[in-house]
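The values are calculated or read from the model by the stated rules, or taken from the named source; none is laboratory data. Just so it is clear, the model here is predicted, and its values are computed rather than measured. All Cβ positions, even for glycine, are placed from backbone atoms using ideal geometry, and neighbour counts span all protein chains on display. We work out accessible area using only protein heavy atoms, side chains counted, and drop any ligands, DNA or RNA first. Shrake-Rupley method; radii C 1.70, N 1.55, O 1.52, S 1.80 Å.
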Amino acid sequence: MSSQSPSQRERWRHIIFGTDTPAGQRFDLLLIIAILSSVVAVMLDSVQSIHQRYGDWLYGVEWFFTLLFTGEYLVRLWVSDRPLRYARSFFGVVDLLSVVPTYISLLVPGANYLLTIRALRVLRIFRIMKLAALMSEANQLGLALVRTRRKIGIFMFSVLVVIIIFGSLIYVVEGPSNGFTSIPRSIYWAIVTVTTVGYGDISPQTPIGQAVASLAMITGYAIIAVPTGIVTAEISAAHIARRYERECPNCHRHDHDPDARFCKQCGTGLPKPGEDGS
């Protein structure tokens, strides 16, 4: 019996964590169907008319999927070579969070509606459909955000200062009589106005206040474009760097596409990305 345990564990590891076998692909597809079904059940249960008629049935469905996913999570820990590493990974955390709300709902009513976080598990479809190559593009975007974090941080601080100024100014101009009862509430109005959300719960009534509001709206449109330009410039710079990072060992040309295998000028084979072309 003990001699068969390792092979059985290895077999389940390939099925659960791998997509290179028909059994693994079927497992992931069935898992995604179960995830989507559980999310739909939770969403339907939040509709009062449906909850009144089918609440007990949906409650049973919810616990069925919770126990199913709990068992799956425990099996993943069992078959994993590094259980702690899996538990700390993105999908490991999501897998755990996808079952915890149901148990919490026993103590905190309504917590089960947080089960919609299970939708994040559908991201496994990238592995099933062999779309992992797209993740390199996502990594580029993430890297661009990391590299521009200081610029964006300084920009956000500047926006915060502008919003405080607008909030304080509108408080002085309008005052409590027009709904601006405090500077914090006025700052809330400034955030809503500058971000062009415009809830309309409070609005300036005086001509001077409306002039301040108009200036805040115009400033908002200008502000929206800044972070987009910062990130776009970083992505463009990264793309140019990728084009020039490989040198042809024959003619020493640099301008090659990231996926190019041969030099566009002399036809010499190019080194792989990250390799020294010398």
(request) Pop a pseudo-label 7 angstrom from the Cα along the beta-carbon direction at both S168 and D81 and give the gap in nm to one decimal. (result) 6.0
(request) Provide F180, F64, F27 ordered by accessible surface of protein heavy atoms (probe 1.4 Å), highest first. (result) F64, F27, F180
(request) Determine the order of I218, I202 by accessible area, beginning with the largest, at a probe radius of 1.4 Å. (result) I218, I202
(message) Explain nothing, just compute: Karplus ³J(HN,Hα) = 6.51 cos²θ - 1.76 cosθ + 1.60, θ = phi - 60°, for every residue of region 42-54 in order, whole Hz, x for Gly and Pro.
(response) 5, 5, 5, 5, 7, 7, 4, 4, 6, 4, 5, 8, 10
(message) Using protein chains only and a probe of 1.4 angstrom, how many square angstrom of S177 are accessible, to the nearest 10?
(response) 110
(request) Just subtract the alpha-carbon distance of F91 and L29 from 0.36 nm times their residue separation and send over the number in nm, one decimal. (result) 20.7 nm
(request) Using a 1.4 angstrom probe on the protein heavy atoms only, line up D28, D56 by accessible area, largest first. (result) D56, D28
